[in-house]
Amino acid sequence: MRMFENWMLTQQSDDEPDFVPLFSLEEDDEAKIDEVFPDTIPVLPLKNTVLFPGIVTPITVGRDKSIRAVQKAYEDNRYIGVLSQRDMKIEAPSSRDLYRVGTVARILKLLKMPDGSTTAILQGRKRFQLLEMVSEEPYMLGSIRMLDYETPKNKLEFRAMISSVRDSAKQIIELSPQIPSEAVVMLKNINNDNFLLNFIASNLGIKVEEKQALLELNNLKEKAGNILQFMDSELQLLELKDQIEAKVRTDIEKQQRDYFLSQQLKTIQEELGQNPQEEEINDLIRKATKKKWPKYVQDAFAREINKLRRVNPQVAEYAIGLNYLETLLDLPWQDFTKDNFDLKKVKDVLDKDHYGLGKVKERILEHLAVLKLKGDMKAPILCLVGPPGVGKTSLGNSIAKALKRKYIRMSLGGLHDEAEIRGHRKTYIGAMPGRIIQSLKKAKSGNPVFILDEIDKVGKDFRGDPSSALLEVLDPEQNTNFHDNYLELEYDLSKILFIATANSLSTIQPALLDRMEVIEISGYSMEEKVEIAKRHLIPDQRKEHGLKPSQVKIADKAIQKMIQSYTAESGVRNLNREIGSIMRHVAKSVAMEETYDLSIKPEHLHKILGPTKHDAEVYQEQQGPGVAIGLAWTAVGGEILFIEVSLNKGAGRLQLTGNLGDVMKESASTALSYIKAHADQLNIDPELFDKTDIHVHVPEGAIPKDGPSAGITMLTAISSALTRLPIKPYMAMTGEITLRGKVLPVGGIKEKILAAKRAGIKEVILCRENEKHVGEIEPEYIQGLTFRYVQDMNDVLAVALNVPGLTRTPDNGLVVPKKRKKNSTPA
């Protein structure tokens, strides 16, 4: 809404408004006492506004009916009834399209305009109510009744409201630059309260419906109150607008002032022989003379300096060029830290920080040995693969400390944008180098230990494929000339020791995996976890919680109990959390000066850590026919897997349940086909297959299971159910089978064997080719386990079902599928 926007606005009956003054010829807004109005009067429809008593306004008349009505009224007594339209879009309104209350106007003047239109100068005299429309042709003629205002009962309150209306109107005029100052003078000269209200209502920037509602009010006090509400809303809007304009005006003035002062400062500096731009450039050149970098970088720097001299410091290109030159100067082009070639000390540091992980430590020592002898060698690209919590990331920090190199860690988990690796071109606003170059800039060394964490979790979308960008970074033959989009220069990454970490190789791009030297880090055994807890976890947690060694000790049996009953993982991350819980419990007792046991024993764990979370005694000695124990590999280590088989009367269907994957289902089908082909040797009636439904179930159905390594377990379980021979107790097995009954090797052997040891298994059946993997496990970790190495299913059944009469059979001419690779994903 805009108060007094209509100050110079002309109302029209059918066209858009023109601009001519609004004024009053006399103070009285209502008709004089002796003024007589006819009962029947011509009617003029008015659109876009409402005519109030006392208001004089010119009206451009364009409709034929309206012209005839105006001419008739002007010829008779000059009185005409003005009614506002309900809908402004209707060009030929009828009586039902008009409001019932309007204003009787006197035609002061009728003018013929040069363009042929007719303009009538109207003065509102008194309000009326349309009783009925007598006729609509040739013009509208209506029967009317005159309306009077109700005199306010509380005149003092009414005068106060009128005073508030005057004050608000004055404030609005002062805040509205489009309203001429003469309006204030006119307000002061209006002494009639009715006319004041009509004058302000006529000039309020509100809707026609709201103006019509004001016109129809008979109570002057209510009319004044409504007008005051509209004026308050308008005043709030104008005040807010004034505040915004003042703020904008202040900001513009500040910008102009800053520009003026900067120009003055520039002129003064020029007069004094000073040039800040030149000083800035000279400072860059002084730094460049002390910088060790290749010749092509030095030439590029000189070219950019010459460009910068020609650029106006006020434009954005100057800041872009300056940032680029500073980036060139901050990069460690030929700045390297000196490696620690004392191999014994390096080994001691690695052994001190991490227990186990012999393969990784050996590889680092080999690399240092070659560097020590040769003096120069491209750094290897290592990829540490293993379950969470085994120390892959922290090992990188230890390697950096042992080599006395700078340490950089870059997390690749969830990375989607290729520009994060290669950077943006410097022509873009906010461009910056990729994270490789930015990390080297922070490290200020050209040969750090660079950890690429979670490389198996790199994403890919419409912004590019970051793993493809990493191909150049991790290729020793290409990373000597790494191209960053921001630098637009080749950067040598070959001196950097890149170490990538991953939980699984399956999601890594094959081309990227081919460029890395993969070192598998398997889970820790019980003995290793106990040693890690004693050497690292307990001292670290004790220090973190402000405790002294004399205040708390954890017995070895308590640590073993935590590992068996409170954690189920390959690493030690959850074990560290449980030890932290114990330290918090002790810290509370110490702080509150309570008595507590200084030595934490297994019987104390229930009170501190609550009930056990995992059952260590998962194996039951007595297993009936049809139940076999397999060994599975998971991301958090190995597990034992029960496979149950039941027989029911039916039509020879095979039913598989337990949330099994396609590969595992195929293993079950293959096992059943082998058993059917060798039913005679197993003393199984062939007709039994047609009369019996076989149901194979793997418990814990909520967990998805897949992989080929459950093949011999399924075959043994089905054979046990069909022959009604129980499987040898305390025995587990893992291996893939073929239709010929051959047993193929599988992966994850260490994790599976350690899981069997934890579960109390005493015998494990493996493929003969997996014997070499067992040899890699420390002997003390597998004490008490007996390994049975087999080549075909007859060997398995002879051992598992304790049937010595089974012997190998010829091929039988069955189709043999292609042999899987040794590193196939196990179940």
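The values are calculated or read from the model by the stated rules, or taken from the named source; none is laboratory data. Worth saying up front: this structure is predicted, and the values here are computed from it rather than measured. Cβ: placed from backbone, ideal geometry, glycine included. Neighbour counts: every protein chain shown. In case anyone asks, the SASA skips ligands and DNA or RNA and just uses the protein heavy atoms, side chains included. Shrake-Rupley method; radii C 1.70, N 1.55, O 1.52, S 1.80 Å.
How many angstrom separate the Cα center of region 449-496 from the Cα center of region 221-265?
The distance from the Cα centre of region 449-496 to that of region 221-265 comes to 54 Å.
Around Gln655, with a cut-off of 14 angstrom between Cβ atoms, what is the net charge of the other residues, counting Lys and Arg +1 and Asp and Glu -1?
On the way: positive: Lys649, Arg653, Lys665; negative: Glu644, Asp693.
Neighbour charge sum, excluding Gln655 itself: +1.
Any idea what the dipole of region 459-585 comes to, in debye rounded to 20, about its Cα centre with Lys/Arg Cβ at +1 and Asp/Glu Cβ at -1?
I would put it at about 1420 debye.
How much accessible surface does Arg768 have with a 1.4 Å probe, in Å² rounded to 10?
110 Å²
Using unit Cβ charges (K, R positive; D, E negative) and no other charged atoms, how large, in debye to the nearest 20, is the dipole of region 744-788 about its Cα centre?
With only Lys, Arg, Asp and Glu charged at Cβ, the dipole is about 180 debye.
If amide H atoms are built 1.01 Å from N in the plane of the peptide, which residues on other chains or at least 5 residues away come under 5 Å of the amide H of Gly638?
The list, which skips near neighbours in sequence, is Ala755.
Please report the antiparallel percentage of the DSSP beta bridges confined to region 604-761, to the nearest 5.
Antiparallel bridges: around 75 percent, rounded to the nearest 5.
Ignoring ligands and nucleic acids, what accessible area does Arg422 show with a 1.4 Å probe (Å², nearest 10)?
For Arg422, the solvent-accessible surface is approximately 50 Å².
Of Ala288, Asn226, Leu682, which is farthest towards the positive pole of the chain's charge dipole, taken about the Cα centre with +1 and -1 on the beta-carbons of Lys, Arg and Asp, Glu respectively?
Projecting each Cα onto the dipole axis, the largest value belongs to Leu682.
How big is the dipole moment of region 532-644 about its Cα centre under a simple scheme where the beta carbon of each Lys and Arg is +1, that of each Asp and Glu is -1, and everything else is neutral? Debye, nearest 20, please.
660 debye
What percent do you get for the relative contact order of the chain when only Cα pairs under 8 Å and 6+ apart count? Intermediate values should be presented prior to the final figure.
Values: 1502 pairs, mean separation 60.2, N = 827.
Relative contact order of the chain: 7 percent.
With an 8 Å cut-off on Cα pairs and a minimum separation of 6 or more residues, tell me the relative contact order of region 622-767 in percent.
With pairs under 8 Å counted, the relative contact order is 35 percent.
Among the DSSP beta bridges whose two residues both lie in the chain, what percent are antiparallel, rounded to the nearest 5?
55 percent
Quick check: at a probe of 1.4 Å, how many percent of the accessible area of the chain sits on carbon and sulfur atoms?
With neighbouring chains kept in place, the figure for the chain is 50 percent.
Could you sort His367, His545, His606 by their accessible area in this structure, using a 1.4 Å probe and putting the largest first?
The ranking, largest first, comes out as His606, His545, His367.
Residue by residue through region 95-112, which ³J(HN,Hα) values in whole Hz follow from phi under the Karplus form 6.51 cos²θ - 1.76 cosθ + 1.60 (θ = phi - 60°), with glycine and proline marked x?
The phi angles translate into 5, 6, 8, 10, 5, 8, 10, x, 10, 6, 10, 9, 7, 7, 8, 10, 10, 9 Hz.
Under a 1.4 Å probe, what is the accessible area of the chain per residue, stated in Å²? It would help to have the intermediate numbers written out before the result.
Numbers: 41360 Å² over 827 residues.
Counting only protein heavy atoms, the per-residue value for the chain is 50 Å².
Which shape class applies to region 123-204: rounded if a/c is under 1.5, otherwise prolate when a/b exceeds b/c and oblate if not, where a ≥ b ≥ c are the square roots of the Cα gyration tensor eigenvalues?
Taking the square roots of the gyration eigenvalues as a ≥ b ≥ c, region 123-204 is oblate.
Ignoring everything except DSSP H segments at least 4 long, calculate the 222 nm mean residue ellipticity for the chain; use -39,500 (n - 2.57) per segment, divide by total residues, nearest 500.
Working: 27 runs with 327 residues, N = 827.
Theoretical 222 nm ellipticity from helices: -12500 deg cm²/dmol.
For a 24 Å ceiling on Cα separation, which of these pairs sit above it: Lys47/Lys170; Lys361/Lys557; Lys392/Lys534; Lys529/Lys588; Lys347/Lys392? It would help to have the intermediate numbers written out before the result.
On the way: Lys47/Lys170 29 Å; Lys361/Lys557 30 Å; Lys392/Lys534 20 Å; Lys529/Lys588 27 Å; Lys347/Lys392 17 Å.
Flagged as over cut-off: Lys47/Lys170; Lys361/Lys557; Lys529/Lys588.
Using DSSP to define loop residues, name the GluC sites (Glu not before Pro) in region 622-713 whose beta-carbon has at most 12 other beta-carbon atoms within 10 Å.
Glu687, Glu700
Could you tell me which trypsin sites (Lys or Arg not before Pro) in region 206-254 are loop residues by DSSP with no more than 14 other beta carbons within 10 angstrom of their beta carbon?
Those that pass, being in a loop and sparsely packed, are Lys207.
What is the sum of charges, Lys and Arg at +1 and Asp and Glu at -1, for the other residues whose Cβ falls under 12 Å from the Cβ of Ala288?
0
Can you put Thr250, Thr427, Thr49, Thr595 in order of accessible area, largest first, using a 1.4 Å probe? If you can, show how the numbers build up before the last one.
On the way: Thr250 80, Thr427 110, Thr49 5, Thr595 140 Å².
Solvent-accessible surface, decreasing: Thr595, Thr427, Thr250, Thr49.
So who's got an amide H within less than 5 Å of the one on Ala500, skipping anything under 5 residues away but keeping other chains? H placed 1.01 Å off N, in plane.
Leu382, Cys383, Leu384, Leu452
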